[in-house]
1. What does DSSP give for the chain in terms of the percent of beta bridges that are antiparallel, rounded to the nearest 5?
2. Compute, for the stretch 357-460, the length of the dipole vector about the Cα centre, with Cβ point charges of +1 (Lys, Arg) and -1 (Asp, Glu) only. Units Debye, rounded to 20.
3. Could you check how many percent of all C-alpha pairs in the stretch 307-448 are farther apart than 27 Å?
4. Placing one identical point scatterer on every Cα of the stretch 1-115 and ignoring solvent, what is log10 I(q)/I(0) from the Debye formula at q = 0.13, 0.17 Å⁻¹?
5. Please work out, to two decimal places, the log10 of the ratio I(q)/I(0) at q = 0.10, 0.11, 0.16, 0.24 Å⁻¹ from a Debye calculation in which every Cα of the stretch 218-322 carries one identical scatterer.
6. In the neighborhood of VAL5, defined by Cβ-to-Cβ distances under 12 Å, what is the net charge if each Lys or Arg adds +1 and each Asp or Glu adds -1?
7. Once you have the Cα-Cα distance between ALA335 and TYR198, take 0.36 nm times their residue separation minus that, and quote the gain in nm to one decimal.
8. Picking from HIS218, ASN336, ILE319, whose Cα lies most toward the positive end of the charge dipole for the stretch 175-420 (charges on Cβ: Lys, Arg +1; Asp, Glu -1)?
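Each reported figure results from applying straightforward, stated rules to the coordinates on display, with no laboratory input. What you are looking at is a predicted structure, and each value in this text was computed from that prediction instead of being measured. Every residue, glycine as well, gets a Cβ built from its backbone with ideal geometry; the counts of neighbours run over all protein chains shown.
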Amino acid sequence: MPDEVSSLETPNASTVVFNLTKSVNPSWFVEDELSELYAIPSHAWDIDATGGAAITDWATNPADAKKIYDYLNAQSKSLGTYATNPLWQVVDGPYKVTAFNGTTGDYSMAPNTTYGGEHAKTISPIQVTAYTTDAAEFTALKAGAANLAYVPSDDVPEASSVAGSYNLWGYPGAGWQGAFYNFKDKTGDFGNVISQLYVRQALQHLVDQQGIVKAYLHGAGSPGYGVVSQYPSSPFTPSNVLSDPFPYSPSTASSILKAHGWSVVPDGTDTCTSPGTGPSDCGAGIPAGTKLAWSLDYASSVSLGQEMVTNLASVARSIGIEITLKAENFNTITANDNDVSTPADVNQWAMSDFGGFTNSTYPTTFGLFNSTGSFDMGGFANNTLNNLITASISSSNPTAVENELSYITTQLPVMFQPNPDWDGADAGIMAISKTMSGPPASFADYSQYFLTPEFWYFKS
C-alpha cells in the first residue's frame, strides 16, 4: 500500500472499491494489507485547528490533506488531553478513554454505549495499571490487586503461590525468536563463512531448544524451528517444523565442520585447513587459516536473550567456535545492526539478537527475507526464496506461503530460538482471576497482543 492501488471508487457511503495495478494473493491482500488500514471519520476529523471549519477537499487537495494530518498528529502528542480531547471520543469500538496518565501509562476506559459489535451482555469499565518492573507486578498479583496480570518468566516457578486465586495459562505469540546473521560482514571473512549453508546448519545444532524452554523459560514456552512453528497453531504451518530438523547436538555440529575442511579445536578456535569449493572444502571466499570467531550483539534489557546467547557462546566454545558477546540496548541494535538502513556499519557486526519478529496473520516474510526487503537486516539473498515470496503475495496458490516458510526452515537465514509464552519483550504466563469469565478465545487474543475485554465478565 498504496503502490499496488491504481484507483479508488466509493459506490455508496459504506463501500470502498480498490482497483489494483496487478494480481495479488487474496489472503495476503486482505489479511496483511487491508487489515493495516484504519478508517478515519472525516466528518469529525477534517479540520486543521480546534473548532476549525471543515475541510472537504482533502481527497483531491494534498496540501489540505497535509494540514489535517499535521493537526491530528500534533494533537496526538498531547498525552495529557487524551481523555478530554473530543477528537479521541470519536470511536467505533467497545470502549472510550476516560483517563490517561502520560507519565505512568495508566489508563481507564468506559463502555461505548453506541457500540454494536459482539460483546458480553454487560460490558464493565476497565482500568489498566502499568508497573515499572516485573517484580512490582508480581507483588501486586500476589496481593490480589489485579484481575488479570502476568507472572514474569523468572517467577514462573513461584506461580503456584497465586494459583489459589488465579487461573494460570500461557501461549506463545505469533512470530519467531532468533538471531540475525550479517551476510555482508567482511571482517574475518564472516560474510563468506556464514553464506555456507552447512555452517548455519552446524550453528543451529548448537541451540538446545528443549533445554532452553526448561531451564530459562521454566516450561513457559515452546521450541521454534522456523518463522511459523507448532505453536500458536496456524493453517500455514509447514510440515518440516513439526519436529526439530536440526536437533541439539554439538557433536553433529563438530562433524559437519570437520567434513567441510575445518580443523576443530574444542575450547580453542577452529580454522579452515581445506580452502576451496569442493564438497569437503570450506567454501567460496574462505581462505586457509580463516577462523570461526566473531561477535554477537544482544539486547541487554531482555534477560531471556542474554541467557540464550550466553549459553550459545559456551556451547560454541566447546567445539572451537569463538563468539564474543557484546551487550547493547535494543534501540542501538535495531538502528545500527541493519545493512539496509545503516550500510556504513556492515562490517561492524556479525550476529545480532534483539528478540525477533511478530508474524502477520498471513505470515509471508515479504519485506524481511526477500533481497529487496526493507527489513532484510543481514542482507540475506536467495533467488529461490525471492521467487517463493513473490508467489506468496501475487499468486492465487493457497499453499504459496507454506512453500515459502518450508524453504526458509531449510535455509536458516537466521538462527531460530525457542518462543517464550507471552508477555511482550520477555516472557511470562497469564494469571486470570477466578472471579472472571468469558470465551476462551477472548483470553487467547491477549496472548496475541489483542485486548478484547468486552467479552469478559465477573461471575456472581
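1. DSSP beta bridges in the chain are roughly 80 percent antiparallel.
2. So the magnitude is around 180 debye.
3. On the way: 3908 of 10011 pairs.
Value for the stretch 307-448 (Cα pairs over 27 Å): 39 percent.
4. -0.71, -1.08
5. Debye curve over Cα of the stretch 218-322, log10 I(q)/I(0) at q = 0.10, 0.11, 0.16, 0.24 Å⁻¹: -0.41, -0.49, -0.91, -1.18.
6. Details: positive: LYS22; negative: ASP3, GLU4, GLU9, GLU33.
Counting the neighbours of VAL5, the net charge comes to -3.
7. Working: separation 137, 0.36 × 137 = 49.32 nm, distance 2.95 nm.
This chain segment gains 46.4 nm when fully extended.
8. ILE319
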